[in-house]
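Only the coordinates and a few stated rules stand behind these numbers; no lab work does. These figures come from a predicted structure and were not determined experimentally. Virtual Cβ from ideal backbone geometry, glycine too; neighbours counted across all protein chains shown.
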Amino acid sequence: MMSWPTWLPLRADLTPLSPYGAPQVPADAAMNTNENPYPPSPDLQSAIAQAVEKVAMTLNRYPDRDATHLRIALSSYINDVSSIQITDSNIWAANGSNEIIQSLFLAFGGASAIGFTPSYSMHPLIAKVAGTAWIDGSRNLDLTFNFDMAKSQIIQHKPTLTFLTTPNNPTGDAISIEEISQLAIVVAGHGGLLIVDEAYAEFSSERSAVTLIGAHPHVVIIRTMSKAFAFAGARLGYLVADPRVVDAMMLVRLPYHLSSITQAVARVALDYREELLGNVETLITAREGLVSQLKALGLTTRPSGANFILFTGFSKTAPQLWRALLEKGVLIRDVGLSSYLRVSIGNEAENKAFIKALKEVL
Ligand SMILES: Cc1ncc(COP(=O)(O)O)c(C=O)c1O
């Protein structure tokens, strides 16, 4: 726990918290934050540079507060990949899906929220910062999602916000659309919202929950361009929901929160989606290759529909193995589970370096 000086009038409920802190240390193979290892192609780089040059002429003006053109482009992407018919009125965009999560808490977090842990660590952290009571729902002992347990915990606690992360970070497992739609009915029963965090959706073969919003207006889907679109540095996340949810986002957003530069470059990346989603296929193939190689080393992997793998079955502790790999130049993630480590799928050279280092230190 951090120690704070007595003169600092920090809110008492924040003093026990620690800031988000995935180590940002130099490594030959950076496989710790589920980034996409493929940088923008030279073509995309120059299209981005051109878009920035164009927008530079207007930087004396505030951006479009409602990011309308970008939201139209995002809705057309979702319509294409999920065969639905939504419009910009169903989309809200922000600086990364973390800002979307924060806005959801600001708008709807007056009472309580539940998530099924271990899951994305920022859900409870943002809840606490926003002053929302957080409930740790549980998963199976092997860390996979347990539908019946989740259902009874939702019925017991009646949280305003129920978070499902699918595929889940850090475990990798996905929840079927049938189970999500059943939980949507349960959540509607007490007037809550079902927040489905689909940061890794493009890497999964499950149907997206965006297909549910027509029938279930209290389902909100969070997406990001940080992973499949290889755009983590640009910071662009969005939600897909009923237009009334989007209206509520406008109450809590800061004016002009999304810069003209961000809006312009995100539209360029969406134009290049064929190329970018091609890399997703490469990463899925590499994921399956890594799973086989980890198994061949006697390790156990959790099923993954994402761009990372959670593995166990090593004799060192997780911090020991993490450190030994870092000493070999390979940075993966100790997610705080004593016998598990998580590795993000890298490029060919990184994946090779990871397996080579692992063979040496296991
Ligand atoms: C499940 C999940 N949601 C949201 C995020 C945040 O992504 P971003 O803010 O880059 O969109 C992450 C990042 O790792 C994640 O794993």
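Here are the numbers:
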| quantity | calculated |
| --- | --- |
| Euclidean distance between Cα centres, segment 21-42 to segment 321-362, Å | 13 Å |
| Hits among aspartates and glutamates - C-alpha to C-alpha of LYS316 under 20 Å, sequence gap 8 or more where chains match | ASP142, GLU327, ASP334, GLU360 |
| Semi-axis lengths, Å, segment 42-271, gyration tensor of Cα atoms, sqrt of 5 times eigenvalues | 31, 18, 16 |
| Exposure proxy order (Cβ contacts within 10 Å, fewest to most) of TYR77, TYR238, TYR256 | TYR256, TYR77, TYR238 |
| Packing-based exposure ordering (other Cβ within 10 Å, fewest first) of MET250, MET122, MET57 | MET57, MET250, MET122 |
| Trypsin sites (Lys or Arg not before Pro) restricted to segment 128-162 and DSSP loop, no more than 15 other C-beta within 10 Å | none |
| Above-threshold pairs, the threshold being 29 Å between Cα atoms, out of LYS158/LYS227; LYS128/LYS227; LYS227/LYS328; LYS227/LYS295 | LYS158/LYS227 |
| Least to most buried among SER41, SER121 (fewest other Cβ within 10 Å first) | SER41, SER121 |
| Per residue convex hull volume, Cα atoms of segment 1-93, in Å³ | 264 Å³ |
| The chain: calculated mean residue ellipticity at 222 nm from DSSP helix runs of at least 4, using -39500 (n - 2.57) | -13000 deg cm²/dmol |
| Cα centroid separation - segment 141-156 against segment 189-227, whole Å | 18 Å |
| Kyte-Doolittle at least -0.5, axis length at least 24 Å by Cα - qualifying DSSP helices, the chain | 273-296 |
| Calculated FRET value between ALA49 and ILE72, using beta carbons and R₀ = 25 Å, to 0.05 | 0.60 |
| Antiparallel bridge percentage (DSSP; both residues within segment 42-271; nearest 5) | 30 percent |
| Length gained when the stretch LEU337-MET1 is fully extended (0.36 nm per residue, less Cα-Cα span) | 119.1 nm |
| Spherically averaged projected area in nm², based on the convex hull that wraps the Cα atoms of segment 116-189 | 4.7 nm² |
| Residues of segment 8-44 with amide N under 15 Å of a point placed 7 Å along Cα→Cβ from ASP271 | 41-44 |
| Extended-chain gain in nm, criterion 0.36 nm per residue less alpha-carbon gap, LEU251 and GLU327 | 22.6 nm |
| Calculated SAXS-style log₁₀ I(q)/I(0) at q = 0.11, 0.15 Å⁻¹ - segment 162-282, Debye, Cα scatterers | -0.42, -0.77 |
| Full-extension gain in nm, LYS158 to LYS295, via 0.36 nm per residue minus C-alpha separation | 45.3 nm |
| Gaussian network model of the chain, springs between alpha carbon atoms under 10 Å - residue of ASP142, ASP66, ASP242 with greatest fluctuation | ASP142 |
